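The values are calculated or read from the model by the stated rules, or taken from the named source; none is laboratory data. The shown structure was predicted, so the numbers you read here are calculated from the model rather than taken from an experiment. Here the Cβ positions follow ideal geometry from the backbone for every residue, glycine too, while neighbour counts run over all protein chains shown. Just so you know, the surface numbers come from the protein's heavy atoms only, side chains and all, with ligands and any DNA or RNA stripped out. Shrake-Rupley method; radii C 1.70, N 1.55, O 1.52, S 1.80 Å.
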Amino acid sequence: MHVLSKQAIYDKRENVAFWEVFVQDATTSKYPKNIDPLKATTIAVDLLVELGAYRVGEGKIVFVNVPAIFLEASMFDLLSPEYVGIELVENKNITTQTYNSIELLLKRGFKFCIDDFGFERIDYLPLLGKAHFVKIDIKNSPYNWDELKEVITILKNLKKSVIAKNIETEEDYKRAKDYGFDYFQGSYLSPSTVVKDTRTISYLKSTILELYKALTEGDMQQIVSVLERDVGAAYKLLKFANSVGNKKISSLEDAVVYLGFDNLIKFAIVLALSEMFAKGDEKKHWERALYRACLAEKLAEIYSPKLKAKAYTGGLFSLSQEIFGQRPENLALELSLDKDIVEAFEKKNTELGFILSLVELLEDTQNPEILEKIAKILKTSPDVVKSIIESAKKESMTITQELA
């Protein structure tokens, strides 16, 4: 399992100046094997959008490890340069387009840091003029300590702030301070801490295609319709809308209207680039959540028509523990969902809560006695209840196939 972790970077007064975020293997606390750097960057940026960079960095700048080629994408459109910095890693094959992207990000106010710097690495030299910070691994530097002191002097003459990383002992720390480093990072000062399990949001690729189609056609209602079908995308949009706004937004329709087309296009780009698509058990949970949503909506149509929309949303997020690792009531509060939905998830004796309890009873059963009892409660016949179940199954399967 992968986690997003962060580690503090300290100034000379031993105050936290910045943070660095990175993906780790939860078991080894090391960079995960067999994960592409682009994927790791995507996960980190994706979670910063979701959680809020200000919150993750406690008001300080959070540096993200970024292969230079990644800067040609638009991921940073959703992040504020006030709270996010870019740490350049693996900078080979830099193109003119990459340089142009860096220039645009600099104009927006982003701070740049070059990781694992060395003058012998010619791929770094063209970027040095654009960087605000330079980071040197004191345990794996190509220089001895005397050479390192000279390198630091040159960098400071070039107006670069220099960060010492991989400080593991008191001796490392004292020597780094004596040699003129400006900032310090390593396990001696503080270990990395987990920000969040990356097993959060899953969605299907075709959601992106459908969303783009609706965006290009300017069809707001279709945008809402596409997002309603995908629990992961719905979750992300509500989180994003609440992170960029000053008011609580609890419905997809309000979120779409509030964000407008420009922000929705950026949001779609984040979905397209993150590549964390539903598969295996996650896809099964997603399909079941969609079925629950359809079933809840159809039961509400008979029992309490005014609750149709809320019943659909309640059904969609009723499996949040399995999909997101969050209890439904906690997720509902986090997303500012309607009070009726929160109370239903809290198992309070409400009409919506009763509808969701019927969903749990009916989703896996064709027991005649249960169908009979529920039919009486709904003041209808068992055949009608059966038809509702079949209709919900058919509708959810159709949607799944359309998005497969």
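Side notes on the structure shown:
- Cβ charges +1 (Lys, Arg) and -1 (Asp, Glu), total dipole of the chain, debye: 460
- Simple Cβ-charge dipole of segment 289-404, Lys/Arg +1 and Asp/Glu -1, about Cα centre, in debye nearest 20: 260
- 18 Å tail of the calculated P(r), segment 319-404, as % of Cα pairs: 57
- The chain: antiparallel DSSP beta bridges as a percent of all, rounded to 5: 35
- Across all C-alpha atoms in segment 282-368, the radius of gyration and Dmax reach 12.0, 39 Å.
- Mean accessible surface per residue for the chain, computed with a 1.4 Å probe while every protein chain stays in place, in Å²: 47
- Remark: the Cα gyration tensor places segment 1-160 in the rounded category, a/c being less than 1.5.
- Ellipticity estimate at 222 nm from DSSP helix runs (n ≥ 4, -39,500 (n - 2.57)) divided over the chain, nearest 500: -16500 deg cm²/dmol
- Residue with peak Gaussian network fluctuation, the chain [Cα springs, cutoff 10 Å], from Lys139, Lys33, Lys348: Lys33
- Reachable lysines, given that their alpha-carbon falls under 18 Å from the alpha-carbon of Lys379 and they are not under 8 places away in the same chain: Lys298, Lys306, Lys308
- Pairwise centroid distance, computed over Cα atoms, of segment 376-399 with segment 343-359, Å: 18
- Segment 101-181: chymotrypsin sites (Phe, Trp or Tyr not before Pro) in DSSP loop, at most 14 other beta carbons within 10 Å: Phe119
- Binning the alpha carbon pair distances of the chain at 20 angstrom intervals from zero yields the distribution 25, 47, 22, 6, 0, expressed in whole percent.
- Look at the alpha carbon pairs under 8 Å that are at least 6 residues apart: their mean separation over the length of the chain gives a relative contact order of 13 percent.
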